[in-house]
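The structure under discussion appears below in the form of structure tokens.
The values are calculated or read from the model by the stated rules, or taken from the named source; none is laboratory data. Since this is a predicted model, take the numbers as computed values, not measurements. Neighbour counts are summed over all protein chains in view; Cβ atoms, including those assigned to glycine, are modelled from backbone coordinates with ideal geometry. Just the protein is used for accessible areas: all its heavy atoms, side chains included, with ligands, DNA and RNA removed. Shrake-Rupley method; radii C 1.70, N 1.55, O 1.52, S 1.80 Å.
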Amino acid sequence: SYYAFPFILLLAIFKSIINSQTILISAFNGMSLSVAFISCYLIVKELVNAKKVREKKILEYSSVLAGLFYIFSPYLINGWDKVLLTHNQVFLNPLMFFLLLRFFLTHNIRYLLGLLLVTFIFAPNFSYVAAPAFFSFYPLSFIFLLIYTKYIRKSAIPVKGLFIGGVLFIL
């Protein structure tokens, strides 16, 4: 399928740099877990605002603990023997949620462009093949972000940016 072309091209580029398939697979899996951990860490840090020094230490510990809990949860460990192109949600879900969260809070177009670049590279994860995984996570996270932005942070929702991003995503 043509929608897997950017991801396969990215793997081919890395394969030309790294000569071993085993090292390539290990590097990609390590990158997946690293991005998942860092994204969960940043999500917790962004959602919880700490004002005092003592609260900031507790926030650091809880952010690290959340990231570790996410990457070591049994849900993530069970599926490694059946890896498909559409199973990159291990790191895509927290990464996309974090980028959407930052876009909602800062209205910075760079986060939206980062979202679109990630969806282009990992297009099989946003295609009709991955529809069950897509529709089980993204609508709920989008509703959460709308409620969080509007009622908890009391910030404006970037409707124009969301419309432009939605059109570019569909394209």
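Data overview
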| quantity | calculated |
| --- | --- |
| Using alpha-carbon coordinates, inclination of helix 53-71 to the longest axis of the chain, degrees | 30 |
| Region 4-79: projected area of the alpha-carbon convex hull, averaged over directions, in nm² | 6.9 |
| Positive-pole candidate from N29, I71, V53, dipole of region 14-76, charges at beta carbon | V53 |
| Label-point separation in nm, L47 to I25, each point 7 Å along Cα→Cβ | 3.4 |
| Crossing angle, helix 89-106 versus the chain [Cα axis fit, 0-90 degrees, rounded to tens] | 40 |
| The chain: projected area of the alpha-carbon convex hull, averaged over directions, in nm² | 11.3 |
| Neighbour-limited loop hits for trypsin sites (Lys or Arg not before Pro), region 34-69 (at most 15 other Cβ within 10 Å; DSSP other than H, G, I, E, B) | K51, K52 |
| Degrees separating the helix 109-121 axis from the principal Cα axis of the chain, which is the longest one | 30 |
| Whole-percent carbon and sulfur share, accessible surface of region 1-160, 1.4 Å | 73 |
| Relative contact order, percent, the chain [alpha-carbon distance under 8 Å, six or more residues apart] | 25 |
| Residue-averaged 222 nm ellipticity for the chain, from DSSP H runs of 4+ at -39500 (n - 2.57), nearest 500 | -24000 deg cm²/dmol |
| Heavy-atom accessible area per residue - region 111-163, 1.4 Å, Å² | 60 |
| Options Y138, N108, F97, ranked by Cα towards positive dipole end of the chain, top entry (Cβ charges) | N108 |
